[in-house]
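Below: one structure, written as structure tokens.
The values are calculated or read from the model by the stated rules, or taken from the named source; none is laboratory data. Please read all numbers here as calculations on a predicted model, not as lab measurements. For neighbour counting, all protein chains shown are included, and Cβ atoms are generated from backbone atoms with ideal geometry for every residue, glycine included. With ligands, DNA and RNA removed, areas are computed over all heavy atoms of the protein, side chains included. Shrake-Rupley method; radii C 1.70, N 1.55, O 1.52, S 1.80 Å.
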Amino acid sequence: MTPEEKILILDFGSQYTQLIARRIRELKVYSEIHAYGYSIDKIKSEKPKGIILSGGPLSVYDKNAPEINSELFELDIPVLGICFGLQLIAKNLGGKVEPADNREYGKAKFEVTYKSKLFKNVDENSIVWMSHGDLVSQIPEGFIITGKSENSPVCSISNETKKIYGVQFHPEVAHTKEGVKILRNFVFDICGCSRTWTPQNFIATAEAEIKNKVGSKSAICALSGGVDSSVAAVLVNKALGDRLICVHVDSGLMRKNESADIIKMFKENFHLRLIHINASELFLSRLKNVTDPEQKRKIIGSTFIEVFEKEAKKFPDVEYLVQGTLYPDVIESVSVKGASATIKTHHNVGGLPEKMNLKLIEPFRELFKDEVRAIGKELQLADDFIGRHPFPGPGLAVRVLGEVNEDRLNILREADEIYINEIKSAGIYNEIWQAFAVLLPVQTVGVMGDFRTYENVIALRAVTSTDGMTADWYRFDHAILENISNKIIRSVKGVNRVVYDISSKPPSTIEWE
Ligand code: XMP
């Protein structure tokens with residue numbers, strides 16, 4: 001679903017491009033990222049209210065440097081160039097860009113030298129975030145210099161009549177003190193956007209679009225209890241009512257009471273048409289004697305598809321599959337991606353649409369995770385549900401290292417419940433991206449009372465992260481860790497040792513398998 005008013009962001013490969021989009025959306029204005037080659041015809045037909053040219057790793061004079069069509073500056077649409085974007089403006093409109101004597105990286109002092117519309121209410125002197133090796137040495141005709149920094153005499157430029165602006169620094173980065181103000185000036189004062197990107201508006205438009213698309217047919221969705229698919233299910237249910245069939249496959253690999261809680265919540269609070277399939281026995285029998293992580297993942301993925309497909313066939317009217325795909329998964333990226341090795345085969349419901357010949361409904365294809373959470377909140381999903389840590393598709397099977405069986409799953413469930421409850425009662429759950437317990441496939445010697453024990457080890461994992469791609473281990477207060485360890489060893493039968501994982505990602509991964 002695309003709102004009428006939008007800011008188009010052309011991506012030249014900066015690591016901050018997604019951040020620009022998020023900052024604009026935080027201002028309640030819809031923004032969309034496209035690779036720099038996005039055609040002028042498309043831009044013309046979409047009529048964005050403004051265009052932002054992102055930064056990028058190359059120099060405008062590099063042989064393979066991305067280029068743009070200069071017609072972009074003749075569309076009567078305001079343009080803001082950031083870093084590489086500024087240099088492109090300069091180069092394309094007749095200015096000059098040269099390598100700087102000193103690469104500027106990190107914080108720099110910026111001084112506004114001309115009160116451009118872009119700098120309305122912006123402090124004359126402030127700190128900005130820089131990351132560049134080239135400088136604009138000559139500005140194009142019709143432009144003026146609007147700001148400078150110690151190493152960049154031309155740190156910002158503008159052509160106020162044509163509404164073309166450029167800044168050498170990154171306003172989207174939090175270290176740029178006045179960054180949000182600058183983006184706000186661009187979006188509202190210069191582009192004339194209004195604040196229409198709100199959860200309420202999104203829900204109303206999405207609901208109408210889904211109704212329109214599905215007509216009198218039906219849709220199906222796999223409801224695992226994850227945040228994205230749950231919010232998607234509630235939204236689509238609002239549009240289709242009973243014509244949305246939700247299937248919850250209990251693989252027997254969920255956390256303690258999880259399946260029952262999910263069923264109860266969705267049936268009682270949202271009146272979803274929800275089918276509960278308890279397939280634990282099937283999953284566990286197929287996982288018997290399997291210890292290889294990749295093999296576990298493959299078995300779980302294919303068993304899931306088999307169970308889901310069998311159920312779906314009972315509803316011949318179903319033509320659509322609802323998925324909670326998010327924006328970061330679909331953004332066309334300009335960064336050159338090498339063929340990367342498979343680290344882990346992620347299990348999700350991928351493969352289902354083709355196999356079952358289903359069309360997709362992906363209401364969140366243009367949304368970031370925090371926006372989905374805001375929509376979930378608006379749809380009355382409980383805060384503690386929306387704020388839940390991510391949980392992997394293969395569930396506890398990748399947290400019971402070695403062979404997975406009911407006894408070992410139960411040990412892990414008990415330990416994990418204590419761990420998570422303690423984190424919640426310490427008030428730090430929301431500081432942590434993901435926390436979970438892992439049952440190791442080794443036994444160690446301990447002493448309880450006067451007796452020797454030879455029992456299992458629980459490893460605790462807690463990480464901070466913004467997207468799960470990189471992660472750092474969480475620095476717990478030692479007293480909290482001590483308390484968790486004591487409680488687990490005291491009350492979980494079969495565990496006599498608790499360890500804490502202090503590895504970051506990379507080189508480790510978040511899950512152990
Ligand atoms: P790793 O272990 O690769 O995990 O550092 C990164 C994030 O992805 C989650 N994860 C999965 N999510 N299906 C999922 O939907 C999977 O198969 C899967 N494996 C890992 C993991 O929990 C972490 O948030």
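Here's the picture: charge each Lys and Arg Cβ at +1 and each Asp and Glu Cβ at -1 in segment 11-115, and of SER14, LEU27, LEU86 the one pushed furthest to the positive end of that dipole is LEU27. Using R0 = 22 Å, the C-beta based FRET efficiency linking ALA479 and ALA260 works out to 0.10. Sequence-ordered 3J(HN,Hα) estimates for segment 225-231 from the Karplus curve with 6.51, -1.76 and 1.60 and θ = phi - 60° stand at x, x, 4, 5, 6, 5, 5 Hz, glycine and proline given as x. Using just its DSSP H runs of length 4 or more, each adding -39500 (n - 2.57), the chain gives a mean residue ellipticity at 222 nm of -9000 deg cm²/dmol after division by all residues. The phi torsions of segment 36-44, fed into the Karplus equation with coefficients 6.51, -1.76 and 1.60 and a -60° offset, translate into couplings of 4, x, 3, 6, 4, 4, 5, 4, 4 Hz, rounded to whole numbers, with Gly and Pro shown as x. Around the amide H of ARG497, modelled in the peptide plane, lie the amide H atoms of ILE458, all under 5 Å away and 5 or more residues distant in sequence or on another chain. Once both labels are positioned 7 Å from their Cα atoms along Cα-to-Cβ, the gap between ILE144 and ASP329 label points is 5.0 nm.
Within the straight-line cut-off of under 18 Å between alpha carbons, the lysines reachable from LYS487 are LYS256, LYS424, sequence neighbours fewer than 8 places apart in one chain being disregarded. Here ILE502 and ASN421 are evaluated by their C-beta separation; at R0 = 30 Å the FRET efficiency comes out at 0.85.
First check a/c for segment 7-190, with a ≥ b ≥ c the square roots of the eigenvalues of its C-alpha gyration tensor; if it is under 1.5, answer rounded, and if not, answer prolate when a/b is larger than b/c or oblate otherwise.
Judged from the Cα gyration tensor, segment 7-190 comes out rounded (a/c under 1.5).
Gain on full extension, evaluated as 0.36 nm per residue between LYS96 and ASN269 minus their Cα-Cα distance, stands at 56.1 nm. Per residue, the convex hull around the alpha carbon atoms of the chain comes to 170 Å³. When peptides 151-159, 56-64 are ranked by their average number of other Cβ atoms within 10 Å per residue, the highest-first order is 151-159, 56-64. A quarter of the convex hull surface defined by the alpha-carbon atoms of segment 407-513 gives 7.0 nm² as the mean projection. Net charge dipole, the chain: roughly 520 debye, given to the nearest 20, about the Cα centre with Cβ charges of +1 for Lys and Arg and -1 for Asp and Glu. By DSSP, the beta bridges lying fully in the chain are antiparallel in about 50 percent of cases. Highest average first, the peptides 498-508, 15-25 ordered by how many other beta carbon atoms sit within 10 Å of their residues are 15-25, 498-508. Just to confirm a number: summing +1 for Lys and Arg and -1 for Asp and Glu over residues other than MET448 whose beta-carbon lies under 14 angstrom from that of MET448, what do you get? Taking every Cβ under 14 Å from that of MET448, the sum is +2.
Close amide H partners of VAL400, meaning residues 5 or more places away or on another chain with modelled amide H under 5 Å apart, are LEU439. Pairs from the table (LYS42/LYS181; LYS28/LYS211; LYS213/LYS298) lying more than 27 angstrom apart at Cα are LYS42/LYS181; LYS213/LYS298.
With θ taken as phi - 60° and the Karplus curve 6.51 cos²θ - 1.76 cosθ + 1.60 applied, the whole-hertz 3J(HN,Hα) list for segment 400-407 is 9, 6, x, 5, 9, 9, 4, 4 Hz, x standing for glycine and proline. Looking at segment 7-190, the DSSP beta bridges with both ends there are about 60 percent antiparallel. Let me know the charge dipole size of segment 129-228 about its Cα centre in debye, to the nearest 20, where only the beta-carbon of Lys, Arg (+1) and Asp, Glu (-1) is charged. It comes to approximately 360 debye. Report, in listed order, any pair from LYS238/LYS359; LYS6/LYS148; LYS91/LYS505; LYS148/LYS369 with a Cα-Cα distance greater than 28 Å. In this structure, LYS6/LYS148; LYS91/LYS505; LYS148/LYS369 exceed 28 Å between Cα atoms.
Taking the average, over residues, of other Cβ atoms within 10 Å as the packing measure, peptides 112-118, 465-471, 396-402 rank 396-402, 112-118, 465-471 from highest down.
A full extension of the chain between ASN405 and LYS47 corresponds to an added length of 123.1 nm, given 0.36 nm per residue minus the alpha carbon distance. The ASP123 and ARG22 beta-carbon pair, evaluated with R₀ = 25 Å, returns a calculated FRET efficiency of approximately 0.60. Nonpolar atom fraction for the chain, defined as the carbon and sulfur part of the 1.4 Å probe accessible area, stands at 49 percent. Surface exposure of the chain, expressed per residue as accessible area with a 1.4 Å probe, stands at 47 Å². The antiparallel fraction among DSSP beta bridges confined to segment 199-386 stands at about 0%.
The gain in end-to-end length when the ILE277 to LYS217 segment is fully stretched comes to 19.3 nm, 0.36 nm per residue minus the alpha carbon separation.
Close amide-amide hydrogen proximity is noted between GLY81 and LEU53, TYR165, GLY166, VAL167, each under 5 Å apart and 5 or more residues distant or on a separate chain (H modeled in the peptide plane; Pro and chain starts excluded).
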